[in-house]
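J.: Quick one: the structure is below, and I'll ask about it shortly.
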Amino acid sequence: MLKAKKVIIADDHPLFRDALSQAVTGAFGDIEVISCGAFSTLQRSIESHGDSDLILLDLHMPGAVGFSALRYLGLRCPNIPVAIISAHEEPEIVLQAIKHGASGFIAKSSPLAGIIESVQNVLMGDVVLPEGIDISKAAMNAPAKEDLHEKIQRLTPKQFRVLMMLIDGRINREIADELCVTEATIKAHLTEIFKKLEVSNRTQAATVAAAYLEVEEPTISY
């Protein structure tokens, strides 16, 4: 079995997060597991654990909107593979996750042994998909979002983080305080964001980005 030294698990459900952490530890032995229950915690963990071998990411994290956390990680730490682990199993969502940069998509409905096998395959460089999912059919039926996809890819990590805060309804002062910069810096970021997304104001930027990134949360009990 391929060894991994450090894995980040980002999921807001404590019971599932703990069970997955125990399964990863049991499978890989001497491994450091960093657990995150919110996107803000994940951001801090990335700063301290940029040498992680893998990030296991739930699609629905407090502080993030749908694929926004995945997009941010792709910009912030492109060398760390990210596997989505989700209650979603719709081919369209799996397809979008892969297009947003996921190295794999693991269904939460899978037995723990199957999840660990998928983790191992992702670490080996394979693109893992849920059993029975055919994303080629989903690609044929997917709405045309390529133009916006390319626009969002133009954003820097800091610009994308500002955009996420716009979606969350933050004002410039709040964004500046969280990022420890001046409001003038935030205004400069917004100018670039508007230009790259080809919009005129913060409302348009937030609306367009949210519609593109959002994923409706599934109904599931733990």
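The values are calculated or read from the model by the stated rules, or taken from the named source; none is laboratory data. In this text, all values refer to a predicted model and were calculated from it rather than measured experimentally. Here Cβ is always computed from backbone atoms with ideal geometry, including for glycine, and neighbour counts include all displayed protein chains. The protein model used for the area step is the full one, side chains on, heavy atoms only, and it has no ligands, DNA or RNA in it. Shrake-Rupley method; radii C 1.70, N 1.55, O 1.52, S 1.80 Å.
J.: Please compute the Kirkwood hydrodynamic radius over the chain, one decimal place, Å, based on all pairs of different Cα atoms.
T.: Numbers: mean 1/r = 0.0553 Å⁻¹.
Hydrodynamic radius (Kirkwood, Cα only) of the chain equals 18.1 Å.
J.: Mind checking the alpha-carbon convex hull of segment 1-72 and giving the volume per residue in Å³? Please list the in-between numbers first.
T.: Numbers: hull volume 5.9 nm³, N = 72.
Expressed per residue, the convex hull around the Cα atoms of segment 1-72 is 82 Å³.
J.: To check my understanding: the extent here is largest minus smallest coordinate of the Cα atoms along each principal axis. What are those three numbers for segment 6-134, in Å, largest first?
T.: Per principal axis, max minus min of the Cα coordinates gives 37, 30, 27 Å.
J.: Which value in deg cm²/dmol, rounded to the nearest 500, describes the helix-derived mean residue ellipticity at 222 nm for the chain, given -39,500 (n - 2.57) per DSSP H run of n ≥ 4 and division by the residue count?
T.: -15500 deg cm²/dmol
J.: Next up: Express the relative contact order of the chain as a whole percentage, based on alpha carbon pairs under 8 Å and six or more residues apart in sequence. Mind dumping the intermediate values first?
T.: Working: 314 pairs, mean separation 40.3, N = 222.
For the chain, the relative contact order is 18 percent.
J.: Quote the relative contact order of segment 145-215 in percent (integer), defining contacts as alpha-carbon pairs under 8 Å separated by 6+ residues. Before the final figure, lay out the partial values.
T.: Working: 50 pairs, mean separation 28.0, N = 71.
The normalised contact order for segment 145-215 reaches 39 percent.
J.: Dipole of segment 145-215, Cα-centred, from +1 at each Lys and Arg C-beta and -1 at each Asp and Glu C-beta, to the nearest 20 debye? Please list the in-between numbers first.
T.: Values: 11 positive and 11 negative charges, 34 e Å.
The calculated dipole for segment 145-215 is roughly 160 debye.
J.: Pairs of Cα atoms under 8 Å, at least six residues apart: use those to get the relative contact order of segment 6-134, whole percent. It would help to have the intermediate numbers written out before the result.
T.: Numbers: 209 pairs, mean separation 28.0, N = 129.
Answer for segment 6-134 is 22 percent.
J.: Take the alpha carbon atoms of segment 145-215, find their radius of gyration, then divide it by 2.2 N^0.38 Å using N residues; give the quotient. Please list the in-between numbers first.
T.: Details: Rg = 11.4 Å, N = 71, 2.2 N^0.38 = 11.1 Å.
Normalised by 2.2 N^0.38 Å, the Cα Rg of segment 145-215 equals 1.02.
J.: A further question on this structure: Given +1 on the Cβ of Lys and Arg, -1 on the Cβ of Asp and Glu, and no further charges, what dipole in debye does the chain carry about its Cα centre, rounded to the nearest 20? Don't skip to the end; give the middle numbers.
T.: Working: 21 positive and 29 negative charges, 152 e Å.
Taking the Cα centre of the chain as origin, the dipole is about 740 debye.
J.: Which order do you get for Val127, Val33, Val119 if you rank them by accessible area with a 1.4 Å probe, largest at the top? List each step's numbers first, then the result.
T.: Values: Val127 95, Val33 35, Val119 0 Å².
Sorted by accessible area, descending: Val127, Val33, Val119.
J.: Cα centroids of segment 172-218 and segment 1-56: how far apart, whole angstrom?
T.: Here the answer is 29 Å between Cα centres.
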